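The structure appears right after this line, and notes come after that.
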Amino acid sequence: MRTADLTDGLIAGAVGTAALNIVTYLDMTARARPASQTPEQSAGKLAGAFHLSLGPPQQADNRRSGLGALLGYGLGAAATVGFALLARGRRQPLLRAATLLGGGLMTLSDGSLTLLGVTDPRTWRRVDWLADIVPHLTFGLTAAATWNRLRPPTGSSD
């Protein structure tokens with residue numbers, strides 16, 4: 001993989017993650033729902049699994065909050081770098097790329113939450129699934145469009 005492909009994958013992931021966060025915050029605003037605690041819970045579980053102290057209670061709460069957000073950006077980056085490997089530096093049909101990216105990120109995030117014992121998707125209601133699917137599809141569309149925009153047009157020399 002060329003460095004430019006890796007860099008473009010990371011850029012697409014950052015743009016997609018920003019879009020996912022915007023849609024999530026719009027949902028929180030529209031439905032007056034609280035922020036999800038799953039990122040912080042995941043960070044706490046991971047810190048515990050690695051026997052890492054996050055400090056006294058107030059500092060640990062703050063660190064879990066920061067680490068939870070960073071985990072989200074890390075998963076977004078991982079999804080788009082994986083996609084960049086599959087795409088081999090080429091533009092992809094938007095809907096296929098969006099489905100791969102959104103579905104891949106959703107699988108990574110929900111799968112890790114499930115493996116850590118933070119949530120069980122089998123217990124989710126329809127509204128919970130919608131609140132999860134819509135931001136991940138937004139990530140996929142935005143990341144795919146960004147990836148394609150950063151790729152040279154077909155037939156151009158690089």
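One quarter of the convex hull surface, Cα atoms only: what value does that give for the chain in nm²? Mind showing how you got there, number by number?
Values: hull surface 42.4 nm².
For the chain, the mean projected area of the Cα convex hull comes to 10.6 nm².
Could you tell me the convex hull volume per residue, in Å³, taken over the Cα atoms of segment 80-158? List each step's numbers first, then the result.
On the way: hull volume 6.8 nm³, N = 79.
Expressed per residue, the convex hull around the Cα atoms of segment 80-158 is 86 Å³.
For segment 8-90, just list the percent of Cα-Cα distances falling in each 5 Å bin from zero outward, please.
Final binned percentages: 3, 14, 18, 18, 16, 15, 10, 4, 1, 0.
Using the heavy atoms of the protein chains and a 1.4 angstrom probe, tell me the accessible area per residue for segment 25-158 in square angstrom. If you can, show how the numbers build up before the last one.
On the way: 8360 Å² over 134 residues.
Accessible surface, normalised per residue, equals 62 Å².
Only loop residues by DSSP count here, and only those with at most 10 other Cβ atoms within 10 Å; note down the chymotrypsin sites (Phe, Trp or Tyr not before Pro) in segment 17-118 that meet that. Don't skip to the answer; put the middle values down first.
On the way: sites: TYR25, PHE50, TYR73, PHE83; in loops: PHE50.
Of the chymotrypsin sites (Phe, Trp or Tyr not before Pro), the ones in loops of segment 17-118 whose Cβ has at most 10 other Cβ atoms within 10 Å are PHE50.
Using helices alone, I'd like the mean residue ellipticity at 222 nm for the chain: each DSSP H run of four-plus residues gives -39500 (n - 2.57), total over residue count, nearest 500. Display every interim value, and only then the final one.
On the way: 5 runs with 119 residues, N = 158.
That comes out to -26500 deg cm²/dmol.
For segment 111-120, what does the Karplus curve 6.51 cos²θ - 1.76 cosθ + 1.60, with θ = phi - 60°, yield as ³J(HN,Hα) per residue in whole Hz, taken in order and with x for Gly and Pro?
Each residue of segment 111-120 in turn: x, 5, 4, 5, 4, 7, x, 7, 8, 9 Hz.
State the dimensionless ratio Rg/Rh of segment 41-129 (Rg: radius of gyration of Cα atoms; Rh: Kirkwood radius). Don't skip to the end; give the middle numbers.
Details: Rg = 16.0 Å, Rh = 15.0 Å.
Dividing the radius of gyration by the Kirkwood radius yields 1.07.
State, to one decimal in nm², a quarter of the convex hull surface area for the C-alpha atoms of segment 100-141, i.e. the direction-averaged projected area. Please report the intermediate quantities before stating the final value.
Numbers: hull surface 11.0 nm².
For segment 100-141, the mean projected area of the Cα convex hull comes to 2.8 nm².
Each residue of segment 18-35 in order: what ³J(HN,Hα) in whole Hz does its phi give by Karplus 6.51 cos²θ - 1.76 cosθ + 1.60, θ = phi - 60°, with x for Gly and Pro?
Ordered by residue, 3J(HN,Hα) equals 4, 5, 4, 5, 4, 5, 5, 5, 5, 4, 4, 5, 5, 9, 6, 9, x, 5 Hz.
For the chain, what % of the accessible area comes from carbon and sulfur atoms, probe 1.4 Å?
Details: 6140 of 9480 Å².
The C+S portion of the solvent-accessible surface of the chain is 65 percent.
The values are calculated or read from the model by the stated rules, or taken from the named source; none is laboratory data. Nothing here was measured: the structure is a model prediction, and the numbers come from that model. Glycine gets a Cβ as well: all are built from the backbone with ideal geometry, and neighbour counts include every protein chain shown. Ligands, DNA and RNA are stripped out before the accessible areas are found, and what is left, the full protein with its side chains, is counted by its heavy atoms. Shrake-Rupley method; radii C 1.70, N 1.55, O 1.52, S 1.80 Å.
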